[in-house]
Amino acid sequence: MMQSSSSSMIPSNFINKDSGAYDLGELDQALFLYLDGQDPSAIQEHRQNSGMRPPTLNIFPSQPMHVEPSSSTKVSTGLVSSSPATSGSKRSSEPSMELANNPKNDQPSPAPQPAKAVKTLRRLAQNREAARKSRLRKKAYVQQLESSRIKLTQLEQELQRARAQGVYLGGGGVLGPDQGLPLGMTNISSDAAVFDMEYARWIDDHHRLMCELRAAVQEHLPENELRLFVDTCLAHYDEVMNLKSMVAKSDVFHLFSGAWKTPAERCFMWMGGFRPSEIIKIIVNQIEPLTEQQLLGVCGLQQSTQEAEEALSQGLDALNQSLSDTIASDSLSCTPNMANYMGQMALAMNKLSTLEGFVRQADNLRHQTIHRLHQILTTRQAARCLLAIAEYFHRLRALSSLWVARPRQD
């Protein structure tokens, strides 16, 4: 009975005899409709009225079965397909998800730096620039020292070569033709020539340092930065003191006579250099105003310096008198006895060796005076003090140049 009911529901044109083949698609759909409980005859009439072609089974699909169809194609079967609106909303949600998952967007924007931090950075940049300039100056100074050392070595070699070859200036008169003055270039020793060259270099470096110190004072640099320039100038004064102590061992007469100074400077020389008490008098008016404590310190320094100068001057006068008495102890009107003559010369040389001690004590007094002034004064006052001393000696050297270049009357 069940077979009869099922056979009655199968359409009469189940097998299309007009087409000359069996329509398997119609059989397939009739079978699905039967299983769904729908009337296949009503579906067939609807298709005939609407002119729709019955669907066929797609045995050979144009695309793989596992690939999802694109949103632009519509599936005509009863299955549910995704609409373009749905796919569009999905695509539009992807950028928002990417933005949400991006960790860079979660970071807050950096806050502007405060004014205090900007000033600190500016100050650090200025310190770095000052350190860079200091390194460049030190490098240039080391290079200059190296070149000076090479020049000194060459000069010493030339002097030794000249001595080996017996180059002398012929001397006549009282000394006789066989007693000449050594060193064909100048009438000074090799150590004195080296000292003169080093002192000329020191003058050039001193002028450069004074220009830098003057620029620092005019720029009103802070105390800590200005102190670096002052300390550099003081160290430069220590350098010339060391040069003088070395040449005093080998040729104290060259140092004492002031042949390495200009003529105007030699007029004011005292024991191979400047008189410290006179320098104090000159700079007191240049570093005003002074506090009461500073004024007392400067006056005390000047008084102690004058007492030390007086003691050294008295000792030098006593040495000169002793040398004169030793040389004139024997008769000067007749030919001296050779034994007495050599004894007098030996005694005079022993006394003359103390001259080096006087020059060293005078240089120590000059050195202590400059450093004592630096301790009494402030950093800015000490800078003005060093500038005043340098300008004083610069004007003396300029006076000597003008005196030498003056027009002479015949």
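Just so it is clear, none of the values below were taken in a lab; they were calculated from the coordinates. Note that the structure is a prediction, hence the values are computed from the model and not measured. Ideal geometry is used to build each Cβ from the backbone, glycine not excepted, and the neighbour counts take in all protein chains shown.
Which whole-number value in Å³ per residue fits the convex hull of the alpha carbons of the stretch 344-384? Please report the intermediate quantities before stating the final value.
Numbers: hull volume 1.9 nm³, N = 41.
Per residue, the Cα convex hull of the stretch 344-384 comes to 47 Å³.
Output the peptides 384-395, 130-141 sorted from most to least packed, where packing is the average of other Cβ atoms within 10 Å over each peptide's residues.
Details: 384-395: 17.8, 130-141: 11.2.
Ranked from most to least packed, the peptides come out as 384-395, 130-141.
Cut-off 18 Å, label point 7 angstrom out along Cα-to-Cβ of Ser148: give me the residues of the stretch 202-227 whose amide nitrogen falls inside.
In the stretch 202-227, the label zone of Ser148 (backbone N under 18 Å from the point 7 Å along Cα→Cβ) covers 202-213.
For the pair Ala388 and Arg137, how long in nm is the line joining their label points, each one 7 Å along Cα→Cβ?
2.3 nm
Using a Förster distance of 45 angstrom, determine the FRET efficiency expected from the C-beta separation of Leu234 and Asn337, and round it to 0.05.
Details: r = 55 Å, r/R0 = 1.22.
Plugging the Cβ-Cβ distance into 1/(1 + (r/R0)^6) gives 0.25.
Please give the Cα centre distance for the stretch 281-319 versus the stretch 206-249, rounded to the nearest Å.
Result: 22 Å between the Cα centres.
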